[in-house]
Structures are given as C-alpha cells and as structure tokens.
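J.: Submitted below is the structure of interest, expressed as structure tokens.
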Amino acid sequence: MNNVFSPKRFGKYFCYDLENAWNNFGLSLIVLGLLPAILFVVFQLFSLIFSGHITVSDDAIMPMRFLSGMICVLVGVIVFPTKAYGSITQKRAGSSFLMLPVSTFEKWVSMMLVLCLAAPLCLSALYIGSDTLMGVIFPNAYGTPIVKIPFNDIISEVDLPVDLHIGYAGIALGDWASSSLFFLLGAIIFKKGKVGKTILALFALSIFFSTAMSVAAGAFMDQDANVFLRMFDEDPEIAMRKIINFGTITLYAQVVILMGLSYLRLRSIKH
C-alpha cells in the first residue's frame with residue numbers, strides 16, 4: 001500500500017504540485033481574477049475619452065461584467081491544464097516528472113485536486129473578491145456585486161410548473177471539472193498544438209455523439225412514439241426532476257470517465 005499511496009509522501013508532492021502550478025499559471029490567475037476591475041477601468045477610460053465623462057449606469061456595465069466572467073472561465077478551463085501539465089509530454093520535463101519518487105496514483109490524485117478544486121476555488125475567490133470590491137467602491141457605476149445578486153429570487157420569477165431547488169455550486173464545479181479535464185487529457189496526449197487539437201477533437205466528438213443520440217432517439221421513438229408524451233403526462237415535478245437528474249448524472253459521468261482516462265494516460269507515458 002505504501003508503494004501506491006503514502007499520506008506523508010503525497011502531502012509533500014501535493015505542495016510541490018501546487019507550487020509548480022502557481023509558477024506556471026499564477027500571474028494569469030491573478031489577471032483573470034482581477035478582470036472585473038481591469039475591464040471596468042478600461043470601460044470608464046474609453047467612456048471618459050469619447051464622451052467626456054464616466055458612465056454611471058449599471059445596465060451599461062452589465063455586458064462588460066458578463067464578458068469578464070466568460071473570459072475568466074474559458075481561459076481557466078482551456079489554458080490552465082496546458083500551462084500546468086502540458087510539459088509532461090516533452091522529453092526533458094516529462095522524464096523529470098516520471099523520475100519523481102511518487103507513485104502514478106499519487107501524481108494523478110494531486111493533479112485532480114489541483115485542477116478540479118484548487119484552481120476553481122482560487123480563481124473564484126479572486127474574481128468574486130474583485131467584483132465585490134468594485135461593487136462596494138462604485139455602487140452606482142458598477143452595480144450589485146455577484147454575491148448580493150438574488151439568483152434564487154430571479155429564477156423563482158420564471159414560470160415553472162414546480163418549485164425546484166438546484167445545487168448551482170455543484171453544477172458549476174462539475175462543468176469546470178468536465179471541461180478542464182478534457183483539455184487536460186488533450187494536454188497530456190498531444191505533443192504540439194495541444195489546445196487547437198483538443199478543440200478539434202471536442203468538435204469531432206460533439207458531432208459523433210449528437211449523431212449517435214439522434215439515431216438512437218429516432219430508433220427508440222419508432223418503437224414507442226408516445227414514451228416522452230407519457231413522461232410529461234405524469235406529475236410535472238417528477239418529470240422535471242427526471243430531466244435534471246439525468247443531466248446531473250450525465251455531467252458527473254463525464255467527469256469520472258475523463259478522470260479515468262487521465263489516469264490511464266499517466267500510466268502509459270514513457271520517454
């Protein structure tokens with residue numbers, strides 16, 4: 001068992017892995033976390049240059065805030081895996097990685113913790129902190145900070161047939177893990193053009209699975225065309241929960257599969 005997992009040895013390696021990830025992506029992480037403040041300042045500078053005054057309207061700022069959130073997530077899930085672990089496929093760095101006195105399982109567990117927990121938590125803390133700071137200092141020009149936006153009240157105003165309680169934090173973390181793990185897999189498989197090839201692979205897989213699901217659904221409907229109608233004829237709450245549960249199970253199944261493939265890839269790396 002000690003050859004597979006040693007808590008003391010793993011603890012030392014995990015700290016080393018965190019430090020290495022910070023060295024490779026720390027500056028980018030800080031910039032992404034400060035995007036709300038950076039884009040707000042840029043927006044107001046352009047407003048001052050072209051209109052002669054700053055913009056005091058949270059409605060005008062909202063598209064910029066949405067853009068900063070999208071950029072933060074996209075860059076995080078696409079770039080971080082490659083920056084942190086893409087060097088494993090290089091001969092020199094990969095050989096050093098293989099020579100570390102740590103089991104493959106410990107390396108994999110550390111990688112999963114850094115990628116799926118440490119990175120999103122640190123990035124979220126920085127982003128929410130800078131967003132909150134802007135909202136407190138410039139309440140009229142920036143608008144309500146994310147932490148004070150009543151998302152549940154907004155969603156409750158949507159005309160749904162049932163009262164749903166959805167774990168948004170769990171879904172967000174699952175989405176991050178699924179996306180970043182896919183780009184991690186591309187980073188440790190492809191030696192060059194990691195991001196581009198991974199995006200092409202994602203596009204090809206999306207077409208394949210969409211086609212396969214369409215064919216399967218068509219064949220299923222031919223056998224029993226009323227199956228979906230019967231599902232929605234039952235209690236609306238039960239039907240809605242079936243859909244949500246199916247989506248949640250599918251999301252976390254993707255995470256588990258990608259984790260397993262990442263582990264198999266680590267075991268097969270040779271230089």
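J.: Quick check on my filter: what residues within the range 1-15 are closer than 9 Å to V102 by Cβ and open to solvent by 60 Å² or more (accessible area, probe 1.4 Å)?
T.: Within the range 1-15, R9, K12 qualify.
J.: Sticking with this one: With the structure loaded, tell me whether S179 is part of a helix (DSSP H, G or I), of a type in the set (S, T, Y), open to solvent by less than 30 Å² (accessible area, probe 1.4 Å) and modelled with pLDDT of 90 or more or whether it fails that test.
T.: Details: part of a helix (DSSP H, G or I): yes; of a type in the set (S, T, Y): yes; open to solvent by less than 30 Å² (accessible area, probe 1.4 Å): no; modelled with pLDDT of 90 or more: yes.
Judged against the criteria, S179 is not a match.
J.: Mind listing whichever residues of the range 122-146 are closer than 18 Å to L32 by Cα, free of Cβ contacts under 8 Å to residues at least 60 places away in the same chain and open to solvent by 70 Å² or more (accessible area, probe 1.4 Å)?
T.: The answer is none; no residue qualifies.
J.: List the number of the failed condition for I54; all other conditions in (1) touching a helix residue (DSSP H, G or I) at 6+ places or on another chain (Cβ under 8 Å); (2) hydrophobic (A, V, I, L, M, F, W, C); (3) assigned to a helix (DSSP H, G or I) hold.
T.: I54 satisfies all of (1) touching a helix residue (DSSP H, G or I) at 6+ places or on another chain (Cβ under 8 Å); (2) hydrophobic (A, V, I, L, M, F, W, C); (3) assigned to a helix (DSSP H, G or I) except (3).
J.: Only one of (1) open to solvent by 70 Å² or more (accessible area, probe 1.4 Å); (2) modelled with pLDDT of 90 or more; (3) more than 26 Å from M134 (Cα to Cα) is not met by Q90, so which one is it?
T.: (2)
J.: Identify, please: which residue in the range 16-31 is hydrophobic (A, V, I, L, M, F, W, C) and within 19 Å of L98 (Cα to Cα) and is, among those, most open to solvent (accessible area, probe 1.4 Å)?
T.: Looking only at the range 16-31, we keep the residues that are hydrophobic (A, V, I, L, M, F, W, C), and these are 18, 21-22, 25, 27, 29-31.
Right, trim to within 19 Å of L98 (Cα to Cα) and you get 18, 21.
Details: L18: 65, A21: 9 Å².
Restricting to residues being hydrophobic (A, V, I, L, M, F, W, C) and within 19 Å of L98 (Cα to Cα), the top hit is L18.
J.: So if I check each of F43, F66, which one is buried (at least 18 other Cβ atoms within 10 Å of the Cβ), part of a helix (DSSP H, G or I) and among the aromatic types (F, W, Y)?
T.: Working: F66 fails: buried (at least 18 other Cβ atoms within 10 Å of the Cβ).
That would be F43, the only listed residue that is buried (at least 18 other Cβ atoms within 10 Å of the Cβ), part of a helix (DSSP H, G or I) and among the aromatic types (F, W, Y).
J.: Can you name every residue in the range 245-271 that is modelled with pLDDT under 85, open to solvent by 50 Å² or more (accessible area, probe 1.4 Å) and under 22 Å from A177 (Cβ atoms)?
T.: N245, F246
So that you can scan it fast, the table gives a plain yes or no per residue for (1) without any contact (Cβ under 8 Å) to a residue 24 or more places away in the chain; (2) outside any helix (DSSP H, G or I):
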{"position": "C72", "(1), (2)": "no, no"}
{"position": "V77", "(1), (2)": "no, no"}
{"position": "P81", "(1), (2)": "no, no"}
{"position": "R92", "(1), (2)": "yes, no"}
{"position": "S96", "(1), (2)": "yes, no"}
{"position": "V102", "(1), (2)": "no, yes"}
{"position": "K107", "(1), (2)": "no, no"}
{"position": "S110", "(1), (2)": "no, no"}
{"position": "P120", "(1), (2)": "no, no"}
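J.: Can I ask one more? Could you say which residue among V73, V56, V79, V102 is of a type in the set (V, I, T), more than 30 Å from L185 (Cα to Cα), open to solvent by 20 Å² or more (accessible area, probe 1.4 Å) and out of contact with any His (no Cβ under 7 Å at 6 or more places or on another chain)? Even if it seems obvious, please write down each step before you answer.
T.: Details: V73 fails: more than 30 Å from L185 (Cα to Cα); V79 fails: more than 30 Å from L185 (Cα to Cα); V102 fails: more than 30 Å from L185 (Cα to Cα).
Going through V73, V56, V79, V102 in turn, the sole match is V56.
J.: With respect to the numbered conditions (1) free of Cβ contacts under 8 Å to residues at least 24 places away in the same chain; (2) of a type in the set (A, V, I, L, M); (3) more than 11 Å from Y142 (Cα to Cα), which one is the sole condition not fulfilled by L67?
T.: Only one criterion is unmet by L67, namely (1).
The values are calculated or read from the model by the stated rules, or taken from the named source; none is laboratory data. Keep in mind that this is a model prediction, so the values were computed, not measured. Counting neighbours? That spans all protein chains shown, and the Cβs are built from the backbone with ideal geometry, glycine included. Please note that ligands, DNA and RNA were not included when accessible areas were found on the heavy atoms of the full protein model with its side chains. Shrake-Rupley method; radii C 1.70, N 1.55, O 1.52, S 1.80 Å.
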